[in-house]
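Structure record follows, encoded as structure tokens.
The values are calculated or read from the model by the stated rules, or taken from the named source; none is laboratory data. Predicted model, so just to flag it, every value in this text is computed and none were measured. Positions of Cβ are backbone-derived with ideal geometry, glycine not excepted, and every protein chain shown enters the neighbour counts.
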Amino acid sequence: MTPSRLRKSLAGSDAMVYQALVGNRTFFSSGADLDAHIGRLTSLRAPVWFVTLANDAVTDGTPNAVPVDAFSGWLRTIHSLSARSRVVALHSDFAGLLAVVAGADTIGSGWDRGMRFFDPSSFRVTAPSPRRAASYVTQRGLMGVHRRVLAEDLDRLNPAWAAQLRPGPMPADEERARWHHLGVLRTLVDDISAQPTRRDRVQYLRTAYDDARANLSTVAASIPRSISAADVTAWVDQPFAALEDYARAEGLW
């Protein structure tokens, strides 16, 4: 349905009809064509937009903010829609912090990978062989989710610093680790949203990534083989590059 026909349809329907927009990386990488399409969608004046960046495949539990122009396009889309509507960035987890900078007020996360990332394989009905899932602990000071063994090593190395990085006490089990993860994300969303301007939100997240990069470097030097180059790339460098590309395009950097 074209935006004009949809607008006419919405005019006679419930004012609380929400709209959803789902696109893959190719869609959000389409540059001027994307911007023109989103410009037409903003005229619908939907009260809420649910926006999802759909992955073609998810190979692990880390963000994959590449190519940069896809994530920058996703953020420009949220920026434009948020001028007239509330925006929820579904299936976004830590990458959703970029969306909050761009204007989203809520991000989608949850217990498993299918909630944190839009992973097509998560929606397939299968009967996998039983296996014990790896244990992870969220580290706000590292802007990511890392294996529990790292959290335990940090506790042994420097308990006070470890508690600051998480923050708080070590989650005693997987359920508490999940609640801790959601609590960290909620606090980050609240802290970013509390910034008075979008430029301030960009600067807040930029500083958070700079601090995380420095903390990761310290951890890597203190605990051999604890942090890989891929960890730094996935959790800090790629989302930082997307933030920079979006902010420069909008004159916020």
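In summary, strands (runs of 3 or more DSSP E) completely within segment 8-121 and bearing 1 or more residues that are modelled with pLDDT of 90 or more and of a type in the set (D, E, K, R) occur at 86-89.
What residue, of Ala214, Ala230, Ala247, Ala220, is part of a helix (DSSP H, G or I), modelled with pLDDT of 95 or more, more than 14 Å from the chain's Cα centre (by Cα) and surrounded by fewer than 13 Cβ atoms within 10 Å (Cβ to Cβ)? Give the steps one after another, and end with the answer.
Working: Ala230 fails: modelled with pLDDT of 95 or more; Ala247 fails: surrounded by fewer than 13 Cβ atoms within 10 Å (Cβ to Cβ); Ala220 fails: surrounded by fewer than 13 Cβ atoms within 10 Å (Cβ to Cβ).
Of Ala214, Ala230, Ala247, Ala220, the one residue that is part of a helix (DSSP H, G or I), modelled with pLDDT of 95 or more, more than 14 Å from the chain's Cα centre (by Cα) and surrounded by fewer than 13 Cβ atoms within 10 Å (Cβ to Cβ) is Ala214.
In the set Glu152, Glu174, which member is modelled with pLDDT under 95 and farther than 23 Å from Ala247 by Cβ? Working first, answer last.
Details: Glu152 fails: modelled with pLDDT under 95.
Answer to the selection: Glu174.
Note on segment 136-186: residues that are surrounded by fewer than 17 Cβ atoms within 10 Å (Cβ to Cβ) and part of a loop (DSSP other than H, G, I, E, B) total 6.
Which residue is nearest to Leu75 (Cα to Cα), if the candidates are limited to segment 20-36 and must be in contact with a Ser or Thr (Cβ under 8 Å, 6 or more places away or on another chain) and either of a type in the set (A, V, I, L, M, F, W, C) or buried (at least 16 other Cβ atoms within 10 Å of the Cβ) (or both)? For segment 20-36, the residue satisfying everything is Phe28.
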